[in-house]
Amino acid sequence: MKLLKALLGTSCATAALVAAPAPAQTPDPATAIGDPVASAKLAAASDDDTPRDNRDEIVVTGTRIVRPNVTSAAPITTVTSAEIAAQGATTIEEVMNRLPQVQANAEQNYADSSGRQRIKLRSLGFERTLTLVDGLRLGIQNGMDVSIIPNALVERIDVLTGGASSVYGSDAVAGVVNFILKKDFDGINLSGIYSFYNHDNRANPVTDAASAAFFPFPLGRTNDGGRADLTLTAGKTLFGGALNVSGFVNYRQSNQVSLGDRSYSACEVSQAIATGALNCTRSTYTQVGTIVPGGVGVGSTLVNNPDGSGTFVPYNSGPNTAANPFDDIAFQRNFKRVNAGGFVTANLSSDIELYGSGLYYRDRSFNTLPNRVYSYTAYGSTPFQTNCDNPFLSASQRTTLCGAKTSGLVPLDVR
C-alpha cells in the first residue's frame, strides 16, 4: 500500500509538470486579416479591459505564424505583393487566374467583349462575386473593371470563397475578393516590366489544311506580343507619422497576337470522319466581295477577281477567293491603359482617423473583327437587286449577271 501511494504521488507530480503554462504567440487583434466579420470581433475583444488571470490557462499552438484562417469562419486565400511581382504579370486578371478558386478568364481578349476584366469565383459568374478595394466596393458588378488596379500598388489580395452573403448580400454568394493597396508609402519608386513572346512556328497538320484552303500561315521564329507595365509611385509621411500623402501613375500597353500569327491556329479545322484529313473552315464573307447571281440556291457562288481585272472567279478557287473567319481573333488583345491615383491618411488621435482616395483610369482597347454585309436571307426572302446598266460593272461582270439584257434589274446576293 505504501508503494502504491508513492507511485500515485510520482504520477501527480509528473502531470503537474506537463500541465505547466507554455508560452505562445497569439495573433495581434489589430492585424488586418481580410475577414470583416472576424476583424470586428477581434476589435471588440481588444477593447475589453477586463483583467484576466491567465496563470491557469493552457494555450496550444502548432505554429508561430499568424494566419487569417485561424480566426475566420470561412477559408481565406492571400496573395502577397512578393508573389505578384514574381509572376511578372501585366494585369490583375493574370494573377487571379492562377488561383484554383477563380474561373480562368480572359475577358480582355474576347473578340466580342469590351475588354474589361471581371472576376468569377467558383464559376458562378461575376454577378455573384463581390470585388472590394480596401474594403470598399469597386462600382457595380456589370460595370466593374479590375484592370483599374495596378499590380505594383497591390499590397495583398484576400480571397474569401466560403460565401459571404450574410454580410454583403447576394452579390457575395460566390465569395469576396478584397484588394489591399499600398497607401503608407514614403519615398519615390519607379518599377517596370516588359515581356514578349519568342515563338517558333513549325509545319503541322493545321498548316497542311491551310495550304489546301489557300490560307496564309507563318513559319519560322518570331518575336511578338510585347507588353509593358511602368509605374511611378511617390509618397511622404509627415508630422511624425500622423499624415501620409501618396500617389501613383501607371501605364500599361499590350500588342495584339492573333490566331493567324501562330501556325497551329492558322485556321479552324474539322474532320468529316474521325480518321479523315483536316479541313479548314471557310467563310463566304471575302475581302474582295462575294456575288451569288440570281440569289441563294439559284446561281453559283462567285467572288471578284483578287487581281483587280474586273471579272468574277469561282469561290475558293485560289488565293484570297475565300476568307478565314478566325485569323484576326486575338490570343492577346491590343490595349493601352493609363492609371493615376492618390491617397491621404490623417491620424488625428488614437480614436479618429481621416482618409481619402481617388483613382483615374483610361483604357483604349481595339477589336479587329471586320463589319459584315449580311445575306438578304438574314432579313427576308427577297433578294438584293442591281441594274444591268450599272456603270460600276465591267462588260464581263454584266454578262455574268444579266446575260444579254442591257437594262432592268436582276436578283443577286452579296456578302
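The values are calculated or read from the model by the stated rules, or taken from the named source; none is laboratory data. Keep in mind that this is a model prediction, so the values were computed, not measured. FYI the Cβ positions are ideal-geometry reconstructions off the backbone, even for glycines, and counts take in every protein chain you see.
Restricting attention to segment 165-184 and to residues that are over 23 Å from L99 (Cα atoms) and in contact with a strand residue (DSSP E or B) (Cβ under 6 Å, 6 or more places away or on another chain), the residue that is surrounded by the most Cβ atoms within 10 Å (Cβ to Cβ) turns out to be K183. Selection of strands (runs of 3 or more DSSP E) fully inside segment 293-341 by the criterion of at least 2 residues being over 22 Å from D261 (Cα atoms) returns 302-304, 312-314.
If you check A274, A234 for being hydrophobic (A, V, I, L, M, F, W, C) and either part of a loop (DSSP other than H, G, I, E, B) or not assigned by TED's automatic domain parsing to the domain that holds E353 (or both), only one passes: A274.
When each of S350, S407, S381 is tested for being assigned to a loop (DSSP other than H, G, I, E, B), at negative phi and not assigned by TED's automatic domain parsing to the domain that holds P293, the lone residue that passes is S350. Listed by first and then second residue, the pairs linking a residue in segment 237-254 that is within 15 Å of R362 (Cβ to Cβ) to a residue that is surrounded by fewer than 20 Cβ atoms within 10 Å (Cβ to Cβ) and β-branched (V, I, T), with Cβ atoms under 6 Å apart and 6 or more places separating them unless they lie on different chains, are N250/T231; Y251/V338. Taken as a whole, the structure leaves Y315 outside the set of residues that are in contact (Cβ under 8 Å) with a residue 12 or more places away in the chain, within 30 Å of T91 (Cα to Cα) and among the aromatic types (F, W, Y). Kindly provide the set of residues from segment 321-358 that are farther than 30 Å from Y251 by Cα, surrounded by fewer than 16 Cβ atoms within 10 Å (Cβ to Cβ) and not small (G, A, S), ordered by number. Result: L348, D351, I352, E353. Of the strands (runs of 3 or more DSSP E) contained entirely in segment 134-204, those carrying at least 3 residues that are among the aromatic types (F, W, Y) and under 19 Å from the mean Cα position of the chain (by Cα) fall at 187-201.
Restricting attention to segment 224-263, the residues being under 18 Å from D184 (Cβ atoms) and touching an Asp or Glu at 6+ places or on another chain (Cβ under 7 Å) number 4.
Among the listed residues N324, N347, identify the single one that is polar (S, T, N, Q), touching a Leu at 6+ places or on another chain (Cβ under 8 Å) and in contact (Cβ under 8 Å) with a residue 40 or more places away in the chain.
N347
If only one of L160, L219 is in contact with a strand residue (DSSP E or B) (Cβ under 8 Å, 6 or more places away or on another chain) and surrounded by 17 or more Cβ atoms within 10 Å (Cβ to Cβ), which one is it?
That would be L160, the only listed residue that is in contact with a strand residue (DSSP E or B) (Cβ under 8 Å, 6 or more places away or on another chain) and surrounded by 17 or more Cβ atoms within 10 Å (Cβ to Cβ).
When the residues of segment 211-233 are filtered to those that are of a type in the set (A, V, I, L, M) and under 23 Å from the mean Cα position of the chain (by Cα), the one that is farthest from S254 (Cα to Cα) is L230.
Condition check ((1) more than 30 Å from F343 (Cβ to Cβ); (2) of a type in the set (K, R); (3) surrounded by 16 or more Cβ atoms within 10 Å (Cβ to Cβ)) across all residues:
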position: D186; (1), (2), (3): no, no, no
position: L190; (1), (2), (3): no, no, no
position: F196; (1), (2), (3): yes, no, no
position: V206; (1), (2), (3): yes, no, yes
position: A210; (1), (2), (3): yes, no, yes
position: R227; (1), (2), (3): no, yes, yes
